[in-house]
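Asks: Submitted below is the structure of interest, expressed as C-alpha cells.
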Amino acid sequence: MSVCYNCFTEQQEKTCTKCGYTNGSSAVKYPLALPEGIRLNSRYLVGRVLGQGGFGITYLALDGETGTKAAVKEYFPETLSMRSPGTSLVTLMSGDKLENFSYGKEKFTEEARTLASLSTVRGITQILDYFEENNTSYFVMEYIEGVSFKQYIANKGGRVSPEDALRVLKPVLNALTAVHRLGLIHRDVTPDNIYITKNGEVKLLDFGSAQYSLGEKSQTLDTVLKPGYAPKEQYLRKSRQGPFTDVYSLGACFYASITGKLPPESLERIDADSIRSISASGIRIAPHIDNAIMKALEVNAADRFQQMEDFKAALAGEFSQTAAELSRESAAVDTAAMAAAIEKAAAATFRDVSPQKTTVRSVPRLAAEPRIAAARKKSSPAKVSASPQATAKRKKSHSAKAARKSAVKKKKSRAPLVALFLLAILAVLAAAVYTFWDKIPVIITIEPPISTASAAITATPIPTAEATPDTAEITPKPPETAPPEYFT
C-alpha cells in the first residue's frame, strides 16, 4: 500500500485514482528537489513540489501531528549549492559562494520570523514552524488550496475586467499597507504569488524572494526579478527601495490582468517609454482607475505613489494629490510663514536701542534656525509638483521677506552715517562755544528807580567812541519787556 503525494490518501496504484497525480512526476520537472516520501523534522511527510524559485523550493507536505496539509519552503539557491538527485543533503560550495549561501540562509530565517510576526495581518500566509536540517533551513506555512491569480487570469481567457481585478487585488493592497507600516517590503508582488482560496479569500505568498538579493554579496538578480513587474530600482544594486517598489509591482499586476499584456520592462522605458494607458488600449475603464494604475507604473520612483494608502485612495477616486505631497506643501507654507515671523522679529530687534533687548530678541531666532533649515530641507524633495495656490503663497512670502530684508539693510547702512553727522554737529558746536565764550555779553537788568552809578555796573562794558553825559547812562527798559536771551 502506498500514499499519494498530492492528496495523501492510501493508494495501490502509482497514479492516484482520487486526484490523478502520479507519484514521482515532480522529480522529472524538479530534479534537484527533495525526494517524495522523506520526513523533515521527524514530523512533515514531503509530497510533490509546489514550485521552485531562484532561492528556494516549496513542497506540499502532511503534518504528522495534526494530519493537515502544509507547505514547506526549503532554502536552496541553485547557483550557490548542489544536491545529488534522489538525496536530501545539500552540498555546499567553497569561497565566496559559501559565504553568500550562509548569509542568504540567515535572511531566509529572518523571513520566517517576519512572517510569524504578521500572524494578525489578513491576507498574509501564516507561519507554523521553522527549523534547520540537511545543511539548510526550512519553514512551514499553512497550505492554501485554490488557484493563483495567474491561473485565474488564464482561466478567464487571458485578461479580466477592471472590476474583477479590483476585487482580487484590493485585499493584497490592504495586506501590503499593513506590512509597510511594520517597515517591511515584499519585493516580489506578481500574479503567481497571489492566491485565491476555495472560499474566495485572497492571500499574498512568498515574502522575501527578492529579499535575498544579498547587497554586495549577491549574485546577479536575474533569478529573482520578473520582467514587467520589477521596477527600475530593483535592477540597480545600490538603489533605494521602499513601499513605492511594491506600488510599481502591484500596478503591473493591475495592468497585466486587465490588458492581458505585461508592461514593457522598466529599464527599457527609461529612454523611450512606449507604455500605453489602459483606456488607450480600447478597454473601458473609469478614468480615475486608469490614471491611478499609470501613476503607479511611473519609471522614476519619485513620480509614483510613495505609499500604498495613496494608491488605494486613487483607485477609490478619493485622491487628488498624495498625502505626502500635501504634507510637503503644508510644510513649505508653514516654513515660509515661520521664516517671515522670524524676519519680522529680527527687524524689530534693529529698532531697539537697548543692547539688553537686542540680546533677548535674538535668542529665539538663533534657536529656531536649525529647525527651519531642517524643515526647509525636508519640505523640498526632488520632483514635487506643488499646486498653483501653494506656489503663489510661497512667491508672496518670498517677496515680503525680500522687502523686509532690504528695509533692514537700508536701516543698518544709514545708522553709521547718522551717527557721524551728529558727532560732526556736536564738534562744531563745541568749537564755537570754546572760541566765543569770553566775547558773549551778559545783560543784567535792574528794576527802576536806578541811579547812574549803579546802572554803570556791567559784566562787560559796551565800548563807545566818546562818552558824553547823555550816553554814559544806561536807560532802564520797562519791566514789561522780557530781557533778551542769547544762545550759542
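Values in this text are rule-based calculations from the coordinates and carry no lab data. Every value quoted in this text rests on a predicted model; they were computed, and no experiment measured them. Glycine also receives a Cβ, built like all others from the backbone with ideal geometry; neighbour counts cover every protein chain displayed.
Asks: Please arrange Arg113, Arg276 by counting, for each residue, the other beta carbons lying within 10 Å of its beta carbon, fewest first. List each step's numbers first, then the result.
Replies: Working: Arg113 11, Arg276 15.
By the 10 Å Cβ count, ascending: Arg113, Arg276.
Asks: Another question about this same structure. Report the net charge of residues surrounding Tyr138, where surrounding means a beta-carbon distance below 10 angstrom and charges are Lys +1, Arg +1, Asp -1, Glu -1. Don't skip to the answer; put the middle values down first.
Replies: Values: positive: Lys73; negative: Glu74, Asp129, Glu132, Glu133.
Charge balance near Tyr138 sits at -3.
Asks: Per residue, what volume in Å³ does the convex hull of the Cα atoms of the range 138-197 enclose?
Replies: Details: hull volume 6.5 nm³, N = 60.
Hull volume over Cα atoms, normalised by residue count, gives 109 Å³.
Asks: Taking 8 Å as the Cα distance limit and 6 or more residues as the minimum spacing, I'd like the relative contact order of the range 2-142 as a percentage. All intermediate terms of the calculation are to be shown ahead of the outcome.
Replies: On the way: 247 pairs, mean separation 23.6, N = 141.
Averaging sequence separation for qualifying contacts and normalising by length gives 17 percent for the range 2-142.
Asks: Among residues other than Thr91 whose Cβ falls under 12 Å from its Cβ, what is the net charge (Lys/Arg +1, Asp/Glu -1)?
Replies: Values: positive: Arg83, Lys97; negative: Glu78.
For residues surrounding Thr91, the net value is +1.
Asks: How high is the relative contact order of the range 146-320, given as a whole-number percent (alpha carbon pairs under 8 Å, six or more residues apart)? Intermediate results must be reported in sequence, preceding the final value.
Replies: Numbers: 251 pairs, mean separation 39.3, N = 175.
It comes to 22 percent, rounded to a whole number.
Asks: Could you give each residue of the range 129-146 its phi-based ³J(HN,Hα) in whole Hz, using Karplus coefficients 6.51, -1.76, 1.60 with θ = phi - 60°, and x for Gly or Pro?
Replies: Karplus values, whole Hz, x for Gly and Pro: 6, 8, 6, 10, 6, 6, 6, 8, 10, 9, 9, 10, 10, 5, 8, 9, 8, x.
Asks: Let me ask something additional. Got a sec? How would Ser279, Ser81 order by Cβ neighbour count within 10 Å, fewest to most? Can you show the working numbers first?
Replies: Details: Ser279 15, Ser81 21.
Fewest-to-most ranking of Ser279, Ser81: Ser279, Ser81.
Asks: Please give the contour-minus-distance gain from Glu163 to Ile38: 0.36 nm per residue of separation, less the Cα-Cα distance, rounded to one decimal in nm.
Replies: Full extension from Glu163 to Ile38 adds 40.6 nm.
Asks: Still on this structure: On a 20 Å Cα-Cα criterion, which of the cross-link pairs Lys73/Lys203; Lys150/Lys203; Lys156/Lys295; Lys14/Lys150; Lys73/Lys105; Lys170/Lys312 come out too long? Provide the component values of the computation, followed by the final result.
Replies: Numbers: Lys73/Lys203 16 Å; Lys150/Lys203 13 Å; Lys156/Lys295 26 Å; Lys14/Lys150 30 Å; Lys73/Lys105 12 Å; Lys170/Lys312 8 Å.
Those over the limit are Lys156/Lys295; Lys14/Lys150.
Asks: Non-local amide H neighbours of Asp129 (under 5 Å, H modeled in plane, Pro and chain starts lacking H): which ones?
Replies: Placed amide hydrogens put Val140 under 5 Å from Asp129.
Asks: Taking each pair of different alpha-carbon atoms in the range 2-142 once, compute 1/r for the pair, average those values, and report the inverse of that mean as the Kirkwood hydrodynamic radius in Å to one decimal.
Replies: 15.8 Å
Asks: Taking the Cβ of Leu173 as the center, what net charge do the other residues with Cβ under 10 Å away carry, scoring Lys and Arg +1 and Asp and Glu -1? Intermediate values should be presented prior to the final figure.
Replies: Numbers: positive: Lys170, Lys312; negative: Asp246, Glu309.
Around Leu173, the surrounding residues sum to 0.
Asks: Sticking with this one: For the range 267-323, report the translational diffusion coefficient in µm²/s to the nearest whole number, using Stokes-Einstein at 37 °C, 0.692 mPa s, and a Kirkwood Rh over Cα pairs. Don't jump to the answer; show the numbers that get you there.
Replies: Working: Rh = 12.1 Å.
Translational D for this selection: 272 µm²/s.
Asks: Okay, moving on. Given H placed 1.01 Å from N in the peptide plane, which residues other than close sequence neighbours of Gly51 have an amide H under 5 Å from its amide H?
Replies: The list, which skips near neighbours in sequence, is Thr58.
Asks: Can you put Tyr5, Tyr30 in order, fewest other beta carbons within 10 Å first? Can you show the working numbers first?
Replies: Values: Tyr5 25, Tyr30 16.
Ascending Cβ contact count within 10 Å gives the list Tyr30, Tyr5.
Asks: Which three extents, in angstrom, do the Cα atoms of the range 146-320 have along their principal axes, listed largest first?
Replies: The Cα atoms of the range 146-320 stretch 45, 39, 29 Å along the principal axes, largest first.
Asks: Using θ = phi - 60° and the Karplus relation 6.51 cos²θ - 1.76 cosθ + 1.60, list the HN-Hα couplings for the range 108-120 in order, rounded to whole Hz, with x at every Gly or Pro.
Replies: For the range 108-120, the Karplus curve yields 4, 5, 4, 4, 4, 5, 4, 5, 5, 6, 9, 4, 8 Hz.
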